[in-house]
Amino acid sequence: MADTTLMTIPGQVDPVPVARDITPRADGRIDLIGLPRPRIRELFEEAGLDARQAKLRAKQVFHWLYHRGVTEFETMTDIAKTMRPWLAERFVIGRPNVVEAQHSTDGTRKWLLQTDDGHDFEMVFIPDADRGTLCVSSQVGCTLNCTFCHTGTMRLVRNLTPGEIVGQVMLARDALGEWPKGRMNDLGEEDAGHYTADGRLLTNIVMMGMGEPLYNFDHVRDALHLVMDGDGLGLSKRRITLSTSGVIPAMERCGQEIGVNLAVSLHAVRKEVRDEIVPLNKKYGIEDLLQACADYPGASNARRITFEYVMLKDKNDSDEDARELVRLLKAFNLPAKVNLIPFNPWPGANYECSTPERIRAFSDIVFEGGISAPVRTPRGRDIDAACGQLKTAAQKKSRAQRDREAAASNADPSP
Ligand code: SAH
Ligand code: SF4
């Protein structure tokens, strides 16, 4: 079981158990994935290395872990052969456990993953002609209960640790074979050179999987720092987008401490409608949210804020809604673009997707208002990988199926 401790999370459900940065393992070894350089150095010192050795080894190991993606200490060629077993006795290099990997007919891939303490979560890779985007989860479940979102029907199980978050990106690089290859430099040392995302399959990351990333701020920040570190995964902050349903108090910190692109799940422009579909709106209203967007550090015409807007038939999709959207974005003078997301259905959802004609008309009005509003093509719908369809397989099973399985395991005669 993961070691959990009660810590306050701002939000509807409060407090909830969250995992610590290091989850103790049965064999007593420590998983290094998710830890920053200074923490690795500290652990090496605690394990008996002197300060100078610990610093040097932490720097080397950090590079092998996050830049080269190796999973065995034995392959760390610039670390003395005798030192490698010493490391392997005390530490491990983990990855999230893969329960199932699925491929959509449109090329989208979805992985059902599991934490060491047995919680399922998901990540999705969406290849396009000019880029490849990994959609990363930040929590198992979500506290926020947006009514059109499948994840919102799960309770929050727990926050993912930094290791479980950065581990998703690392696993994707494993699966796509995209770790930089080593070369010998002039000193005869192996060198992976400078990472560049150009020409790769995985070029972008969106924090748009399960969960509300700003309700797991510290872990998401720590994980993204490893992703953005030039000697780590080396992905530029301009290629990373964090999506929030509008947790105003954490938005400024997000700009300052993480500095990635911001996407905001707006979805409605009238209070009654947003209160219903994004219940967090009752706590943080539309106008305050847009003000926080206007104040977002780093937003500019070159780095616009994305407003996500799910198209729900007869709910938020009228011409008046489109005009009000333009008015609001202009009133706050926002460097904005709008993503119109056709609603992705899931079993038991109470909404329908707007018609293609309605979506087109809505998009046209926003474009005519001078704001870009492309319609997103749903991806991976056949494997439930599209926006808002993520929910762990275990929880998708019907009640009856779970009862049958429980009865079968109770009846199991094996010792
Ligand atoms: N919790 C964060 C990020 C995860 S959701 C947030 O809400 O922003 C990623 C995006 O998918 C959000 O804009 C979300 O509102 C949208 N989404 C959720 N359910 C959806 C569905 N059924 N169809 C289309 N988009 C959906
Ligand atoms: Fe949570 Fe985002 Fe889904 Fe809302 S849309 S329930 S915030 S994951």
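The values are calculated or read from the model by the stated rules, or taken from the named source; none is laboratory data. Fair warning: this is a prediction, and the values are worked out from it, not measured in the lab. Virtual Cβ from ideal backbone geometry, glycine too; neighbours counted across all protein chains shown.
Structural remarks
- Residues of the range 282-292 that are within 15 Å of ligand 1 (Cβ to nearest atom) and farther than 16 Å from Phe332 by Cβ: Lys283 alone.
- Test: residue in the range 356-376 that is of a type in the set (A, V, I, L, M, F, W, C), part of a loop (DSSP other than H, G, I, E, B) and at pLDDT 95 or above: yes
- Note on the range 90-152: enclosed strands (runs of 3 or more DSSP E) holding 1 or more residues that are charged (D, E, K, R) are 97-103, 109-114, 120-127.
- Test: residue in the range 376-388 that is more than 13 Å from ligand 1 (Cβ to nearest atom) and either within 26 Å of Cys142 (Cα to Cα) or not small (Gly, Ala, Ser) (or both): yes
- So Arg131, is it surrounded by fewer than 23 Cβ atoms within 10 Å (Cβ to Cβ), within 17 Å of the chain's Cα centre (by Cα) and of a type in the set (D, E, K, R): no
- The residues of the range 248-281 that are more than 20 Å from Ala223 (Cβ to Cβ), more than 13 Å from ligand 1 (Cβ to nearest atom) and touching a residue at least 12 places away in the same chain (Cβ under 8 Å), listed by number, are Ile248, Pro249, Val269, Arg270, Lys271, Val273, Glu276.
- Contact map, the range 145-159: first residue on the phi > 0 side of the Ramachandran plot and of a type in the set (Ser, Thr, Tyr), second residue near ligand 1 (Cβ under 9 Å from one of its atoms) and assigned to a strand (DSSP E or B), Cβ cut-off under 7 Å, separation 6 or more or different chains; the map is empty.
- Any hit, the range 275-286, residues being over 18 Å from Met210 (Cα atoms) and part of a strand (DSSP E or B): no
- Of the set (1) within 16 Å of ligand 1 (Cβ to nearest atom); (2) part of a loop (DSSP other than H, G, I, E, B); (3) surrounded by fewer than 24 Cβ atoms within 10 Å (Cβ to Cβ); (4) among the aliphatic types (A, V, I, L, M), all apply to Leu156 but (3).
- Residues being of a type in the set (A, V, I, L, M, F, W, C) and over 24 Å from Thr151 (Cα atoms) - total across the range 241-270: 1
- In the range 293-315, the residues that are closer than 18 Å to Phe332 by Cα form Cβ pairs under 9 Å with partners that are charged (D, E, K, R) and within 16 Å of ligand 2 (Cβ to nearest atom), at six or more places apart or across chains, as follows: Glu308/Arg376.
- Pairs, first within 13 Å of ligand 2 (Cβ to nearest atom) in the range 210-237, second aliphatic (A, V, I, L, M), C-beta under 6 Å, six or more apart: Met210/Leu390; Glu212/Leu144; Pro213/Met207; Pro213/Val220; Pro213/Leu242; Leu214/Val247; Leu214/Ala250; Tyr215/Ile9
- The condition of being buried (at least 18 other Cβ atoms within 10 Å of the Cβ), touching a strand residue (DSSP E or B) at 6+ places or on another chain (Cβ under 6 Å) and farther than 24 Å from Pro342 by Cα holds for only one of Tyr309, Tyr296, that being Tyr296.
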